[in-house]
Each structure stands twice: as structure tokens, then as C-alpha cells.
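See below for the structure under consideration.
The values are calculated or read from the model by the stated rules, or taken from the named source; none is laboratory data. Keep in mind that this is a model prediction, so the values were computed, not measured. Note that we place each Cβ from the backbone using ideal geometry, even for glycine, and neighbour counts take in every protein chain shown. Areas reflect the complete protein model, heavy atoms only, side chains present, ligands, DNA and RNA absent. Shrake-Rupley method; radii C 1.70, N 1.55, O 1.52, S 1.80 Å.
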Amino acid sequence: MSRKELKIAGVLAVCAAIYLSIVSGCSTNKSHPTPQISVPTNAAALNLPHRTPAANDGRIAYVTARLMEEFHYSQQPLDMEMSKKFFDGYIDSLDPRHENFLQSDLAEFQGYRTNLDNFTIGGRGTADLTPSYTIFSRFLKRAEQHFDYVNELLADGKFKFTGDDGYEIDRRHSPFPKDLDQAKELWRERLRYEYLQEKLNDEISPTNAEAILPLTKTNYADIMETLSRHYAWSFHQTTNMDSTDVLQLYLNGLTHAYDPHSDYLNNEHAQDFSIQMSLSLFGIGAQLVEDDGYCTIRELIPGGPAAASKQLNPQDRIISVAQSNKPPVDVVGMDLGKVVQLIRGPKGTQVRLTISPLQDRAARKVVSLTRQEIKLEDSEAKAELIEMPDNHGGTNRIGVINLPSFYATIDLPGSGAHSIKSTSADVAKLLKKLKEEHVAGVIIDLRNNGGGSLEEARKFVGLFIKDGPVVLSRSPDGTIGEEVDDDPAIQYAGPLVVLVNRFSASASEIAAGALQDYGRALIVGDKSTFGKGTVQNLNPLAPIVLLNSKATNDPGTVKITIRKFYRVSGASTQLRGVSSDIVLPDVLNRLPDIGESGLPNALPWDTIPPVFYDKLNLTPPALVADLAARSTERVATNRDFNYISQDIAEQERMRTNKTVSLNEKDEIKERQRIAKMNKVREDERANRDPLPQKIYDITVENAGQPGLTPAVENDETNSVTVAGTNTMSSAVAKKLPPPFDPWLIETENILEDYISMSSTNSQPKLAHQL
């Protein structure tokens, strides 16, 4: 199957039979009878503000469920078993710590747990959202009780920390409290833990952990004020949730019942997804944070309208937002995401902000800005050229390309046209520059790369191989498709190492797996990558939901898992990820909840028959074993890796204990122990000799320019010749102090060994490809 055939259209409803059944509300061959269930106590009886679904919410829920049934990879009907997962997911999204809902609440909602399928698809074209709002109303009631009880405890102000009790930090898998008394005990212990942490922050000297500072009444009052403000804001955020928020949580309970990566994205979340993929947005160019209920400017993006106006500064607060000549909307206390949606808008349109400046909070000024495209360049590919001495009196040069994601321009309806962004094009520019500077090898750093565009992952792999299949995918009907690199050009043919960790996921796993299967690159890092081996498709709901409807609000988008990925060798990347050729010590290797296998309802691992591909064999087993043995020897005597081993032991101890002490003396001793350990590390690192390296920054923007830009400059300035060709009139890159990224340093050592051990080989496969 071709790549074109693998791309399902954005609106799945164009499939005629399914489309007609969804639009008309007709049922398929699945039976969903109207439920007859006694409804638990309603919101009015709980004396809370009455919330009701928005006009189209029932329709949105129905269409989302039908699309999941018909197009999800599992082809699983929304039945009783799925209803249970749906219910449990919604409960956990509201109360992830299992500390607010009571077991009696869940028993009361048991009829919902086994009938959400009927409520959702049992009607004619629209879902009954009674369960979502009844459960949410009960959650608000428990949140109110939690907030009131905390205020009682803070008013009393009597906290003792002399016993042997502890606080359970991770309650995700713990039972819900039996009754309100047990819930209050959990709330009290949590508050005591938070109080103790604030108290220790004030008591222990920030410059000397051995010194304990006596607290004053003012200190204690400040602790109370901090905690009171924290709980007040949290309660405000909870009670301020509207129908859009409730629907988002509820439908993600539904989609996550199928797998962790299918999502319902309301308009706000859909725009965020587009921005993440495109590395650009239309707005004012400011990073915003919430601070005590105020939308606050954290940073101005250089070149954006906000910075260009010279009227805004970090820490300024936004009090209201107005569109062009429309009246301003007060945003104090508003959810940050909603404020952001008001500020974003089409390119060239005007937004007016009422500002409370940092210098004078009582003052108010109105700043008018014209929205422009903001490029998020911090998230694009970038490179470093590292120059270091070799063993023969000369120097070696290697390149390191950091790739945070596989980005590509993606436009949703109404978002406007973006300038084109492409991972593969950017990496090609960086590789071209590195080759011009005669690097002996390249490291691709995919750590924490959560994936992104499949098409860009395919093109990225094609930069390093002649041609051939890159990844396979399986459809629900068993059809196998291939993503093929059909471009015979090779951008870089030299020694290659790919650095990964447990947070390398999806498209980054496809790239690493393909380069490993072809024998094109060494994979170095954690024991395995994340294990997200599924394909999602975006399905805007507007063409279906708004049909024959007077409503005009955007109903959002459903992201549905439609295929599974497989390596060209036939093994799925799902669940197990990509195993490293050389494993480096890391705390993440010992954490079972990190990765796909720690997510609920993850799809299983399996295999399909492999396809033919021209394996390069540049990383034969004997060579990998030799490189791994050399790395193991270095790691065993490396001080930073010894520190990591200590951190692994600490993590194992915490996992075993599962609780932290609420005894103040014990916690002070523990903090002092950790501070002493960290001080020893800091002193040892500070006394190390600088690494004999020169490091030059290479960006997509400056890759086409002559010369190199040093990452760190000496005081002296002169002109140097780089690689005998380019002249750079600027400061010489100096020997850097030792960086504390032992993984990258060891990967550089592995690459140097790889270059040295491969230098006697003719590498006929690669030469033939060139």
C-alpha cells in the first residue's frame, strides 16, 4: 500500500454507510438499548451550582463514540467491558490521587459503570450526558468538603511532627477512602506534609544545610498564607470548570478506554496540537503563566509583537483582553488556557490587553498589538560541532544534532497558513554544514523526543540510507503498508550514533529502529525507548456535528489510533520500544511506570513477517560487543556514573518505602544528608580540569553562513581558520568547564571508538550507496 493510501482523510464520515448512520442517529448491528437506571443524587440536591451540557455536547459525545467504534485499530464495540474502562478513566481523571471520591460514591455510581455504552450510543444520534454531570457534581461536593476541612485545619494551626507516621506520595493505585472520616484523614496527612515542606524550606538555611533558622510568628503566618492561597486557587480552578472542560475529561475517559493515545481534543487542545507540530502560532509572542490567579507574562519572544511594542515586560499581569474594537473581557481568575485562546487569533488582527505593570500594580494601561506568526525556534533541530584532541597530536571533530521532535506544518480549519517547517529539511541543512566542517562522526540526540510527524521520520531516515522501507504499519483488517524512502540520495554516510532514553517515543522510535535494523547506526541510551508504536489520525468533528445544527462553536477533533507500527524486521515498536545496543546507567531504567507498559489499556506487542531491505551491516555484533565492553570499563570508573548509581539506589529505597516521614527531625536529617551529598558532588565537579573541547553552535538559521559561532567565548578576539576553508572573525571557542551530561560525554567516547575501530574497514556497502 502506498503512503498516499495510508493517509486516511481527516473526516472519516465521508465513508458513506458510516456517515449516514452517524448523521441520522441510526444504530449499526450493535445493540444499545435505552438504559433504565436509578439516577444518584443530582447537583441541585448537593447545593452546588447547576451545570448542564452545551447545546452540541450530546451530539459530540455520540459522534466521538461511533467513530471510535468504527475506526479504532482494535475494532472494539463500546460494550459493557469498555464502559467499565470508560467509567474508571473518567473517575481517575477527576481524582487521580484517589482521595476525594468515597467508596460509597463509587458504589452509588455502579449502575453508570456498566451502562455508559447505553447512555452514550443508546439514543438516536445524541448521547445522554447525565452520568458525566452527576459524577462531576459529586466530585465538586467532595472538593468543597476537602477545601473547607483544610481551611479548618489551617485556622486551628496545630501541627505536630514528632511521631513515626508517614505520608503516601503516590496514591494512584491505592483504594479510595471508605467514608468521609477516612477521606479527612488523607486530607489532613497531605496538608501536614505540605506544611512540613514549607516549614523546612524556611527553617533550613539556603546557604548551609547544617544551620537551622528559628522561625518567627511572621514565618508561620506566611506558611499559612501560602497554603491557604494554594488551596483557594486549586478550588477556584475546579469549580470554575465549564461544560467544555467536563466534556474534555469525560470523552477522554471514553477514548482512553481504547488506548492511551486516542484523544478528544476540544478546540483549545486541537490548536495546541497544531502549534506543537508546526512550531509556530499566531499571537503576540509572549510566554504566559498563572500567578495567584493572574495571567502573567513570563517571557517575551524576541521579534514578536509584544517585544517589538516595548510596552510589555516580564512579570506584567494581563487584567483583560479585547478583540479589536469589542469590549474587554475580564480575565482575572480565568483558566490560563482560556486566556491564551482569547489572546491568540488570525494573523494581522488586533488584540488589546489591559496591563497591570510590575512596577505599579495599581496602574492600568492598554496595549494594542497586531497578531503575527510566532516561530518557536527553541524547539527546532540544532547542532553543535565539538572539537577535541585525538591521540596523535591532532584534533577530532564530531557533530551532535539535538532533535526535540519530528515537526511538520499542520493546519487545522480556521488556523490560517503557517510558514512551512520540516524536520528533515532542517536536519539536512545541519548535516551539510557538519560535513563542510569535516566532522568524523555524528550523534543524533533523540532523548525526550516524543515523536511527531511519521512523514518526517521517514524522510529523516532517508538522509542516512540509499533507499528502502523505513517502517511498516498494520490496519485493522490485517493489511500491511510500507513507508518507503524512495530517494537514493544520502545526506550523510559517516559513522552515526543515535542517543535515546525512555522518553524517546513514537516517530523517534521509528527512526531509531530503522537505523538499527539497517545496521546504519549504533543505538545508545536507556535499556529501551518508550514503546509508543501506534498511528493516530485527526478527525475534525465540525462537518458531522454541525450538520443541520444552528450551533457555531467548534466541536473539536478526535484523534484515533488507526494502525500499529512495525519495524522492517517485523517486530512492533509498541509496548517494548527499541532496545539500545549499548545501555548506559539511568534511574529511568528502574522505573516500571515510565513508558507505554505503564499506561492503562496499552495495545499489545506482536510481530508480522519482515520485509526485504538491504542491510548495511555497519554495526556488526562483534563490533557492538567490543564497543559495549569499552564503554562498560569507562562507566565503572566514571564519577558522574557513580553518582547516577547512587541516585538509582536512592530511587529504589523510596520505591520500597512508598512513604515519606512526617517526623520533622528525621526529615531535617534526610535533607541535610542529601545536601551534604550534593555539596560533595558540586565541589568535586568544580575542581575538575576543563574538558579539552571547543564547542560551536550551529542553528538552522546560521548553517548556510561561512565560519562557526563559538558556544562560549574567550576574552581575546582574533581571526581563525576553520577546517582550512572558512574564516571566522570573532572570539575563539574556549575550553569549556566540564558539562554534567555524562551520557553525552560517554556517547562521544563511544563514537570516537567507533570511528577508530571502523577506520580500517572499507565499508563497501556505504561506499556503494554513495
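Among the residues of the stretch 637-659, is there at least one that is open to solvent by 80 Å² or more (accessible area, probe 1.4 Å), within 30 Å of A209 (Cβ to Cβ) and either aliphatic (A, V, I, L, M) or more than 32 Å from the chain's Cα centre (by Cα) (or both)? Checked against the condition, which is being open to solvent by 80 Å² or more (accessible area, probe 1.4 Å), within 30 Å of A209 (Cβ to Cβ) and either aliphatic (A, V, I, L, M) or more than 32 Å from the chain's Cα centre (by Cα) (or both), the stretch 637-659 yields at least one hit.
In the stretch 209-217, the count of residues that are assigned to a helix (DSSP H, G or I), at pLDDT 90 or above and not hydroxyl-bearing (S, T, Y) is one or more. If only residues of the stretch 583-628 that are among the aromatic types (F, W, Y) and surrounded by 14 or more Cβ atoms within 10 Å (Cβ to Cβ) are counted, the one that is nearest to P488 (Cα to Cα) is Y613.
Residues being at pLDDT 95 or above, farther than 24 Å from T244 by Cβ and of a type in the set (S, T, N, Q) are represented in the stretch 104-112 by at least one member. Of all the criteria given as (1) over 36 Å from the mean Cα position of the chain (by Cα); (2) within 25 Å of K679 (Cα to Cα), the one not satisfied by K217 is (2). Can you find a residue in the stretch 177-186 that is under 30 Å from T130 (Cβ atoms), open to solvent by 40 Å² or more (accessible area, probe 1.4 Å), in contact with a Leu (Cβ under 8 Å, 6 or more places away or on another chain) and among the charged types (D, E, K, R)? Yes. Filtering the stretch 581-597 to residues that are assigned to a helix (DSSP H, G or I) and in contact with a Pro (Cβ under 9 Å, 6 or more places away or on another chain) leaves only E596.
Table: residues versus (1) under 30 Å from A211 (Cα atoms); (2) open to solvent by less than 30 Å² (accessible area, probe 1.4 Å); (3) modelled with pLDDT of 50 or more.
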residue	(1), (2), (3)
D666	yes, no, yes
N687	yes, no, yes
P690	no, no, yes
V700	no, yes, yes
T727	no, no, no
Y754	no, yes, yes
S758	no, yes, yes
L766	no, yes, no
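Out of the residues in the stretch 127-152 that are among the polar types (S, T, N, Q) and surrounded by fewer than 19 Cβ atoms within 10 Å (Cβ to Cβ), which is farthest from the chain's Cα centre (by Cα)? Only one residue tops the list, namely N151. Looking across the stretch 249-262 at every residue that is closer than 17 Å to P96 by Cβ and out of contact with any Phe, Trp or Tyr (no Cβ under 8 Å at 6 or more places or on another chain), the one that is surrounded by the fewest Cβ atoms within 10 Å (Cβ to Cβ) is identified as P260. Can you run down the residue pairs with Cβ atoms below 6 Å, 6 or more apart or on separate chains, where the first is in the stretch 308-319 and of a type in the set (S, T, N, Q) and the partner is surrounded by fewer than 16 Cβ atoms within 10 Å (Cβ to Cβ)? Sorted first by the residue in the stretch 308-319, then by its partner, the pairs are Q315/L358. Residues of the stretch 155-176 that are more than 22 Å from N657 (Cβ to Cβ) and surrounded by fewer than 17 Cβ atoms within 10 Å (Cβ to Cβ): A155, D156, G157, K158.
Residues in the stretch 156-181 that are small (G, A, S) and not in a loop (DSSP other than H, G, I, E, B): 1 in all.
Can you find, within the stretch 312-343, the residue that is farthest from S234 (Cα to Cα) among those that are open to solvent by less than 60 Å² (accessible area, probe 1.4 Å), modelled with pLDDT of 85 or more and of a type in the set (D, E, K, R)? Here the answer is D316.
Can we say S356 is among the small types (G, A, S) and modelled with pLDDT of 85 or more? Yes: the conditions hold for S356. The C-beta contact set for the stretch 677-693 (first residue farther than 18 Å from D647 by Cα, second residue at pLDDT 90 or above and not in a helix (DSSP H, G or I), distance under 9 angstrom, 6+ apart or interchain) comprises Q693/I386; Q693/E387.
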